[in-house]
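Everything below concerns the one structure shown next.
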Amino acid sequence: MDNVLFIVNMQEMYAGKSRNKDKFSYDAETLIEQINKRMRDYSEEEIFYIKSVGRGLFKGAMPKADTRDADFATALKVRSKNIYEKNKADCFSNDALADFMRARHVKVIEFVGIDTGSDIGASALTATEDLDINVVYNEPLLIFMSPDKSGKYREKLKKTRVTFKQDWLEN
């Protein structure tokens, strides 16, 4: 397994039809459609779903675990059993995910989905610096809810092994 696809935060709270469209005003339907198409280029075992879930009293703005908000958006195709939860920005704060990437000698992670603040930036930084994995930012398939935070990570990531892909979008 050399290349994998990480689908981040494609949950009901952020991308579902019942999301708060004032707060999450982007075109989630088109994003989901394009991500579903992108998955065709990967086998089931190469697709990873990363869910943000809040736990305990200080869950922040994340959906509470085991609620409808934490479920995947209905239109998203779930083709793999590789589902990992995180309760911090960096998806590799989930040790099981980091251990799996090391054990399978993953070479490249392609990120798609919704960055709610610094999720994808923090994860990409850990992947390149700590796990020695190259990263692809598939920008047409990414939504950044906090442009200031994501911009700061983007500048840091330009100095690492991150490829900013601008051209994958299937009509």
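Which one of the conditions (1) part of a loop (DSSP other than H, G, I, E, B); (2) of a type outside the set (A, V, I, L, M); (3) within 16 Å of the chain's Cα centre (by Cα); (4) under 27 Å from L157 (Cα atoms) does Q34 fail to meet, given that it meets all the rest?
Status for Q34: all satisfied but (1).
Looking at M39, M101, M62, M13, can you tell me which residue is surrounded by 16 or more Cβ atoms within 10 Å (Cβ to Cβ), assigned to a loop (DSSP other than H, G, I, E, B), of a type outside the set (F, W, Y) and over 12 Å from the mean Cα position of the chain (by Cα)? Please lay out each step first, then the result.
Numbers: M39 fails: assigned to a loop (DSSP other than H, G, I, E, B); M101 fails: assigned to a loop (DSSP other than H, G, I, E, B); M13 fails: assigned to a loop (DSSP other than H, G, I, E, B).
Just one listed residue meets the conditions, M62.
Could we say that G117 is within 14 Å of the chain's Cα centre (by Cα) and modelled with pLDDT under 90 here?
Yes; evaluated as a whole, the condition is true for this residue.
Considering the range 146-171 alone, what residues qualify as being under 17 Å from A122 (Cβ atoms), surrounded by fewer than 19 Cβ atoms within 10 Å (Cβ to Cβ) and touching a Phe, Trp or Tyr at 6+ places or on another chain (Cβ under 9 Å)?
The answer is G151, R154, K158, F164.
Enumerate the pairs (first residue in the range 147-161 and among the charged types (D, E, K, R); second residue anywhere and at pLDDT 80 or above) with beta-carbon separation below 6 Å, excluding pairs fewer than 6 apart on the same chain, so at least 6 apart or on different chains.
K149/G117; K149/S118; R161/T128; R161/N134
Quick check on E85: is it surrounded by 13 or more Cβ atoms within 10 Å (Cβ to Cβ), within 19 Å of A122 (Cβ to Cβ), out of contact with any Gly (no Cβ under 7 Å at 6 or more places or on another chain) and charged (D, E, K, R)? Write out each step before concluding.
Details: surrounded by 13 or more Cβ atoms within 10 Å (Cβ to Cβ): yes; within 19 Å of A122 (Cβ to Cβ): yes; out of contact with any Gly (no Cβ under 7 Å at 6 or more places or on another chain): yes; charged (D, E, K, R): yes.
In short, yes.
Between a residue in the range 1-21 that is touching a residue at least 60 places away in the same chain (Cβ under 8 Å) and any residue that is outside any strand (DSSP E or B) and among the hydroxyl-bearing types (S, T, Y), which pairs come within a Cβ distance under 7 Å, given they are 6 or more apart or on different chains?
As it stands, the answer is L5/Y42; N9/T116; E12/S18; Y14/T116, since those pairs meet every condition given.
Which members of the range 65-96 meet the condition of being assigned to a helix (DSSP H, G or I), of a type outside the set (G, A, S) and closer than 22 Å to L141 by Cα? Break it down stepwise before answering.
Taking the range 65-96 as the starting set, the residues that turn out to be assigned to a helix (DSSP H, G or I) are 68-70, 91-93, 95-96.
Filter once more, keeping what is of a type outside the set (G, A, S): 68-69, 91-92, 95.
Those that are assigned to a helix (DSSP H, G or I), of a type outside the set (G, A, S) and closer than 22 Å to L141 by Cα: D69, C91, F92.
Please indicate, with yes or no, whether at least one residue in the range 119-128 is in a loop (DSSP other than H, G, I, E, B), closer than 20 Å to S25 by Cα and in contact with a strand residue (DSSP E or B) (Cβ under 7 Å, 6 or more places away or on another chain). Full working, then the answer.
From the range 119-128, those in a loop (DSSP other than H, G, I, E, B) are none; that's our starting set.
The answer is no; no qualifying residue exists.
The values are calculated or read from the model by the stated rules, or taken from the named source; none is laboratory data. Keep in mind it's a predicted model, so treat the numbers as computed, not measured. Cβ coordinates were reconstructed from backbone atoms using ideal geometry, including for glycine residues, and neighbour counts include every protein chain displayed.
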